[in-house]
1. Output the relative contact order of the range B:1-89, whole-number percent, from Cα pairs under 8 angstrom with separation of 6+ residues.
2. For Cα pairs less than 8 Å apart in space and 6+ apart in sequence, what is the mean separation divided by the residue count of chain B, i.e. the relative contact order in percent?
3. As a test of the definition: which semi-axes, in Å, follow for the protein assembly as shown when you take the square root of five times each eigenvalue of its alpha carbon gyration tensor? Largest first, please.
4. Could you work out the helix-only [θ] at 222 nm for chain B, with each DSSP H run of four or more residues adding -39,500 (n - 2.57) and the total divided by the number of residues, to the nearest 500 deg cm²/dmol?
5. When only C-alpha pairs under 8 Å and at least 6 residues apart count, what is the relative contact order of chain A, in percent?
6. Angle between the Cα long axis of helix A:59-89 and the longest principal axis of chain A, 0 to 90 degrees, nearest 10?
7. If packing is taken as the mean number of other Cβ atoms within 10 Å per residue, what is the order of A:32-45, B:140-153, highest first?
8. Give me D for the range A:4-96 in µm² s⁻¹, whole number, from Stokes-Einstein with Rh from the Kirkwood sum over alpha-carbon pairs, 10 °C and 1.306 mPa s.
Amino acid sequence: MVPLWMYLLVAAALFAIGIYGVLARRTAVAILMCIELMLNAVIINLVAFWRFLTPQNMSGQAFAAFVFVVAAAEAAVGLAIILAVYRTRKSVVVDDINLLKG
Amino acid sequence: MLEINLPLIVFAIFAVLAIGGALGVVGSRNLIHGALYLIVSLFGGAGLFVMLSAPFLAAVQVLVYIGAIAILIIFAVMLTRGMAQTKEVVNRQWWLSAILALVLLAVIGIAVVMPVWGPNGSNVVNLQVAETTAGVAELGIALVDGNQYVLPFEIASLLLTAAMIGAIVVARDD
């Protein structure tokens, strides 16, 4: 059995890469992809802790399944917003979407 | 120290797929390539789920994440045409973001590794892990059991319906 800390390190690396992408990328679609990476890292963490700490209790896997649901809803609404913004501003670069900037 | 055995090798393969795909997502100039790298990364995650004896979540990962979300992202890239290739991939604060991400990784890494390998660490590489786990049938029962997760399950269904209607309303061309 691969020890727990290896799974946690892989999930931490995925989360850090996702954070860098969210903060540094310029197009909204790329930012959304990096958010998916971060959510996936969280799910890996949840399932790893479930397997090593409470494998007889389904709460860890059930929680991970709910994170899947929220990720799917977030992707659908986020991409719909990106399409709506692209239709009006002809751009998905987040620097150009500054209508609410003071 | 760690002995090299078959599970460790398989774990390393899936971990390299997951992290390498994630690096491809962040670094690729073309958004379509980024979406394909995202599929590679999510596939690595599905392999990790199999190694954690959660086969249902691995199947959901392949079906929902790779089959639905990644394809949805590819559709969005195609619908926002002219945006797949941008001259500058990252914004002006990319170095600050990189420092922040590295600091976060270092903090989490130290917090994860110190209890095992640190001076006061238990030095236990393998803590006692149960051989058997609850299976897919228990997960199915837990999701619809009145004493467990039936209310979050129904709310999740409601959230999905609301998100679907909201996505159609927001993206509709009128």
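1. Numbers: 85 pairs, mean separation 25.4, N = 89.
This gives 29 percent for the range B:1-89.
2. Numbers: 108 pairs, mean separation 26.4, N = 174.
Relative contact order of chain B: 15 percent.
3. Details: eigenvalues 226, 120, 46 Å².
Equivalent ellipsoid of the protein assembly as shown: 34, 25, 15 Å, largest first.
4. Numbers: 7 runs with 113 residues, N = 174.
Only helices count here, giving -21500 deg cm²/dmol.
5. Numbers: 79 pairs, mean separation 27.9, N = 102.
So the answer I get is 27 percent.
6. Between helix and principal axis, roughly 10 degrees.
7. Working: A:32-45: 23.7, B:140-153: 13.9.
By packing density, highest mean first, the sequence is A:32-45, B:140-153.
8. Details: Rh = 14.6 Å.
Answer from the Stokes-Einstein relation: 109 µm²/s.
Throughout, read-outs are computed from the coordinates displayed, never taken from laboratory work. Just so it is clear, the model here is predicted, and its values are computed rather than measured. Backbone-built Cβ (ideal geometry, glycine too); neighbour counts: all protein chains shown.
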